[in-house]
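Only the coordinates and a few stated rules stand behind these numbers; no lab work does. Note that this is a predicted model, so its numbers are computed, not measured. No Cβ is skipped: glycine too gets one built from the backbone with ideal geometry, and neighbour counts run over all protein chains shown.
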Amino acid sequence: MFSLLTKQPFHLAIEGFRAIDVVVYSLALLLVPPGILMAVECIVGLLHKRALAVVHALFVGLLACLVLFRALRGLPLDYKTFGAGLGALMFVRLYRSWEPARQFLTICSFAAIFFLAVFLIRAPLRELSTSDVQAASVPPIRTKTPVVLVIFDEFPESSLMDAAGAIDRLRYPNFAALAGTSTWYRNATTVHDYTFWAVPAILTGQLPENDQLPVMANHPENLFTLLGGNYRINASEPITRLCPERLCPNASESLDRRMGKLARHLVGFFRRGLFLWGGFHETVPDWNDPPAQVNRFLAKINSRTQRQLDVIHVVLPHGPWRYLPSGQKYKGGDSLAGAVAGKWGGSERLVDRAYGRHLLQVGFVDRLLGKIVARLRATGLWNRSLFIVTADHGVSFRPGAEERKVETRNLADIAFVPLFVKRPFQPGSVVDDRSARTVDIVPTIVDLLHIKMPWKLDGRSLLSASRPFPSRIVVRSITGDLVNAPWAVMRAGRATTVARKARLFGHGVDLLQAVDKTGRLTTGDDGNGSP
């Protein structure tokens, strides 16, 4: 567990943990399990002396089984289970009959303290505890234009498109309506394949590095610190922590709530078993209930405040795929998982079923978009606002390929993301096929608000007349690699995905009926696909 948290410290950032939380969590992780086992042994020892030896041997065997199970993780499940069980039985026999074996475990117990010390040295405690960073001073902003930025998650642009390269109006009417009143940057691409770096790139206009956490300490120059001195901020960040507490008082939870979250983490961790690794997002409310998150966000949009920045990151249509376009959840829950270890298997049937549920969930995203636009219209902010909709990265549904980690064969699915920009009082719709990246969003806001930037941006304004047409698309991977391909290859890859989607689910008809006709949702071996 310490190793996983050290290699993937962004999980700590997702939860909004501070340094003290990490210390408490690590101490509890180290002390609670043996404390519970020792308490059980004490109770058993008071009741029956001979039973104590049996319980102690049972605990040693179970813990040895867990260690061996992880050590054999390269084997098939049946072989791992058999090997771990047999090895644990042999070890218990050795432990009970040979004194050096018992001495060996006693000495090994000190290793746990060493592991804890190494973890606390390597954990990003300073970055997690920084609640404010003084960025370069921003000159006064004269304009009063409201800015609304909506970021969706794991959302390939091809999911919206029909065979003609337009928005499918019947399936996604609110996206089609938005395209009819804004500029659609049809060839927009992300710069990273994972949320922890892709969203900070959107909010900073700067290319991310893989050693950065999605927290303010690593991204002090961002949209919130840029506008925070002049604008009231309404921010909803379920994964990143870029808004300082002085500008977003609700960005940090109280100590008692964080301690409660830590307790739930520990219970969940041991309930799943020490050899399993589950998502840390299980206790993040905005991840688990996006509709409630959107409602809270919309309630804070205030028509009486002239200068306001409203930013929301909605973790949809990101899996698990559990929503129909109406917002109703599947009867079978969300147990239809994605790829195994991030990679799809060779079964085209199962991949197509997941693809269909993704498209249905995109329909629910369309519904949420309509709700956001309706709120802006009701408050009188729509016409005079700068309204931007995008996504952090895409997702791929290709048998045998990676689902999220970018590679050459899925680059078109991961790279292309929706990007719509409605300028204040924009007279009509525009489709812009020139080069556009998610790091261009902040420069575009800066351009429209006539801000003199106090720091460097890697992107360029989408309003620039000198923007070229795409030539080569580059996306950084979670592995640190830069995956790239010529524009012609990217365009062909997207066209292939759209054609496959049309072949499976059609265009211009009710999506639920189209998915039902394929038989990929209403039938199947796991029995959990029926809506």
Where the Cα pairs of the chain fall when distances are cut into 10 Å bins, in % = 3, 17, 26, 24, 16, 8, 4, 1, 0
If packing is taken as the mean number of other Cβ atoms within 10 Å per residue, what is the order of 90-101, 195-206, highest first?
-> 195-206, 90-101
Nearest-20 debye value, the stretch 2-129 charge dipole, Cβ charges on Lys, Arg, Asp, Glu = 280
So which of 331/371; 7/456; 144/456; 343/456 end up more than 27 Å apart by C-alpha?
-> 7/456; 343/456
Label residue 99 and residue 70 with points 7 Å out from Cα along Cα→Cβ: what is the distance between them in nm?
-> 3.1
Extension gain, residue 296 back to residue 86 (0.36 nm per residue minus Cα-Cα distance, nm) = 70.3 nm
In which sequence would 432, 413, 153, 256 go, from the one with the fewest C-beta neighbours within 10 Å to the one with the most?
-> 256, 432, 153, 413
Largest first and rounded to whole Å, the semi-axes √(5λ) derived from the alpha carbon gyration tensor of the stretch 2-129 read 32, 20, 13
Counting DSSP beta bridges with both partners in the chain, what percentage is antiparallel, nearest 5?
-> 40
In nm, spacing of pseudo-spin labels at residue 169 and residue 374 (7 Å Cα→C-beta vector) | 2.1
Want the number for residue 429 to residue 472: 0.36 nm per residue separation, take away the alpha-carbon distance, what's left?
-> 12.8 nm
For a label point 7 angstrom out from the Cα of residue 111 toward its Cβ, which stretches of the stretch 1-23 have the backbone nitrogen within less than 17 Å?
-> 1-4
Mind giving me the FRET efficiency for residue 503 and residue 288? R0 is 35 Å, r the Cβ-Cβ distance, nearest 0.05 is fine.
-> 0.55
Let me have the relative contact order for the chain, percent, based on Cα pairs under 8 Å that are six or more residues apart.
-> 23
Positive-end residue of 342, 204, 166, charge dipole of the chain with Cβ unit charges | 166
Across the stretch 490-506, in residue order, what do the Karplus-derived ³J(HN,Hα) couplings come to in whole Hz, using 6.51 cos²θ - 1.76 cosθ + 1.60 with θ = phi - 60° and x for Gly and Pro?
-> 5, 5, 5, x, 5, 4, 5, 5, 5, 5, 5, 4, 5, 5, 7, 10, x
Charge dipole (debye, nearest 20) of the chain; +1 at Cβ of Lys and Arg, -1 at Cβ of Asp and Glu | 520
Mind giving me the nanometre distance, one decimal, between the label points for residue 49 and residue 496, set 7 Å out from Cα along Cα→Cβ?
-> 7.4
Under 5 Å between amide H atoms, partner at least 5 residues away or on a different chain: which partners does residue 436 have, H built in plane at 1.01 Å?
-> 189
Could you compute the FRET efficiency for residue 263 and residue 488, with r as their C-beta to C-beta distance and R0 at 41 Å, rounded to 0.05?
-> 0.15
Neighbour-count ranking for 344, 382, 321 (other C-beta within 10 angstrom, fewest to most) reads 382, 344, 321
Descending packing, highest mean Cβ count within 10 Å first, for 31-38, 416-423 is 416-423, 31-38
Choose one of 441, 412, 454: the residue whose Cα lies farthest towards the positive end of the charge dipole of the stretch 402-458 (beta-carbon charges +1 Lys, Arg; -1 Asp, Glu; about the Cα centre).
-> 454
Enumerate cysteines in the chain without a disulfide-compatible partner, where compatibility requires another Cys Cβ under 4.7 angstrom.
-> 42, 65, 108
Place a +1 charge on the Cβ of each Lys and Arg in the stretch 406-505 and a -1 charge on the Cβ of each Asp and Glu, then give the dipole magnitude about the Cα centre in debye, rounded to the nearest 20.
-> 180
Placing +1 on each Lys and Arg Cβ and -1 on each Asp and Glu Cβ in the stretch 2-129, then taking the dipole about the Cα centre, the residue among 113, 124, 16 whose Cα reaches farthest towards the positive end is 113
The stretch 32-42 - phi-based ³J(HN,Hα) in whole Hz, Karplus 6.51/-1.76/1.60, Gly and Pro as x = 5, x, x, x, 5, 5, 5, 5, 4, 5, 4
What percent does the relative contact order of the stretch 2-129 come to when contacts are Cα pairs within less than 8 Å and at least six residues apart?
-> 40
